[in-house]
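Let me begin by presenting the structure, written as structure tokens, before commenting on it.
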Amino acid sequence: MRILRAAIRIGVEIAVCFICCTEGSSLFGQSMNQGPDWHQWMGPDRTGTWYNGPQVDTLFQEMVEQRWEADVGPGYSGPTQAGGKIFLMDYKNGSERILCFDEEDGDHLWSYEYAVQYNVGYPTGPRASVQIFQGKAYSFGTMGHLHCLDTESGRVIWKINSMDTYHSRIPTWGLAANPIMVNGKLIVQLGGVQSACLVAFHKDTGEEIWRALDDEASYSTPVLIEQAGKQVLVCWTGERIAGLDPDNGEIYWSIPFKPGQMIMNVASPVYAPPYLFCSGFFDGSYLLKLDQQKTDAILVYHRAGRNERETDALHCCISRPLVRDGYVYGIDSYGEARCLKLVSGDRVWEDLTLVPEGRWANVHLIKQGKKVWGFNELGELLLGEFSPRGYRDLGRVKVIDPVLVSPNPRKGVCWAFPAFSGNRIYLRSDAKLICIAINKK
């Protein structure tokens, strides 16, 4: 049966392909469940959008079917899905592991592990998701171990220890920014010295192509945008928000960022032309205006509250905000869902129904048309709608149990970003990886 499934998958991949803007016009396949592959963090185009998912108006228990579950170790690495396989990283018995499972039944296909000693806060497991591109899996560990593996066998093609090679300065909670593939180059925020905060590697060999910035690393994943007809890699490091040429690392523009209490910018920048919105836990909100005629940028505002409880605008921790029709929707420092006016940062409303209040309380937000799916740290799947009038709750279902792995707060949390494809959702805790299907009723 596995041989038959593999043959079908190959036929599907040949028959149906999509263009992925963040991969520099590369092709990726479609899985058996007829959804575009979620082959990287936050999906096919890194916008956190569920394409070809079921269109439903409400969510209730009978609609959710668990297809399979698999045992895994702890970690914050969200699952990715490509070519009929699910990929994940975890940390077990002193080793980081890259794991591969069958998409249909959850069978363990292969794993690769290496010993690593954590010296970070929250030493639960890897942070970044495994990225899949042209038959290769790219992983980035908490202490800077970068691997390129063959997706079929798990064989190591190349590897780099960034602490040895680039003397990476490991942030308080470890290296967490997801690598990004652009025009055949894997670009990684690894916090190295000698202008190696960001390094671009050849996807097939691991050879360094360019390096840029002397900054310390943050936890924020770079994003690729188009500005003035050019590709621009937007990077929020521990010291600035910068736009770079992804082909050579040249700096197009740079806005200094001086963290207050400590570096804790996790959420990626959100681009809503001509504006770029950034939000961090301690440092609040930044709005940049990007020139549409040339590669330049100015700071429109920086708004921050007195502290992490008396916040202003939006102080995101983990979840990336949404920007729609001139409004920002995001999760504030203690789990408060908020709506802001984009151009001013003024608050429109606040809602506390998506997740119970708590420091760093989190809900991942996934777009699907006008609706938004959420996955909160309690392991609940949510469906709702955001508008300037407020949040409209369309239902929630508990789909996975958090597991207490010290030092996680609140008896365990689910902080990893899920993967979505067709009617399937792949989610993980610190003990389980599960596949659920959303069926219309």
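Throughout, read-outs are computed from the coordinates displayed, never taken from laboratory work. Because the structure is predicted, anything quoted here is derived from the model rather than measured. Glycine also receives a Cβ, built like all others from the backbone with ideal geometry; neighbour counts cover every protein chain displayed.
Shown for I170, I157: other C-beta atoms within 10 Å of each C-beta, ranked fewest to most, produce the order I157, I170.
Mean sequence separation of contacting Cα pairs (under 8 Å, at least six apart), scaled by the length of the chain, corresponds to a relative contact order of 15 percent.
When only Cα pairs below 8 angstrom with a gap of at least 6 residues are kept, the stretch 311-441 shows a relative contact order of 14 percent. Using Cβ point charges alone (K and R +1, D and E -1), the dipole size of the stretch 319-414 about the Cα centre works out to roughly 220 debye.
Residue exposure proxy: R306, R67, R155, R127, ordered by other Cβ atoms within 10 angstrom of their Cβ from fewest to most, comes out as R306, R155, R67, R127. Projecting the Cα atoms of W236, M262, N307 onto the dipole axis of the stretch 194-339, where Lys and Arg carry +1 and Asp and Glu carry -1 at the beta carbon, places N307 farthest toward the positive end.
Taking Cα centre as origin and charging only the Cβ of basic (Lys, Arg, +1) and acidic (Asp, Glu, -1) residues, the dipole magnitude of the stretch 332-384 rounds to 320 debye. When only the Cβ of Lys, Arg, Asp and Glu is charged (+1, +1, -1, -1), the dipole of the chain relative to its Cα centre reaches about 580 debye. Checking the cross-link pairs K185/K289; K85/K440; K371/K398; K136/K411 against a 29 Å limit on the alpha carbon distance flags K136/K411 as lying beyond it.
With neighbour counts taken as other beta-carbon atoms within 10 Å, the residues T58, T165, T80 rank, fewest first, as T58, T165, T80.
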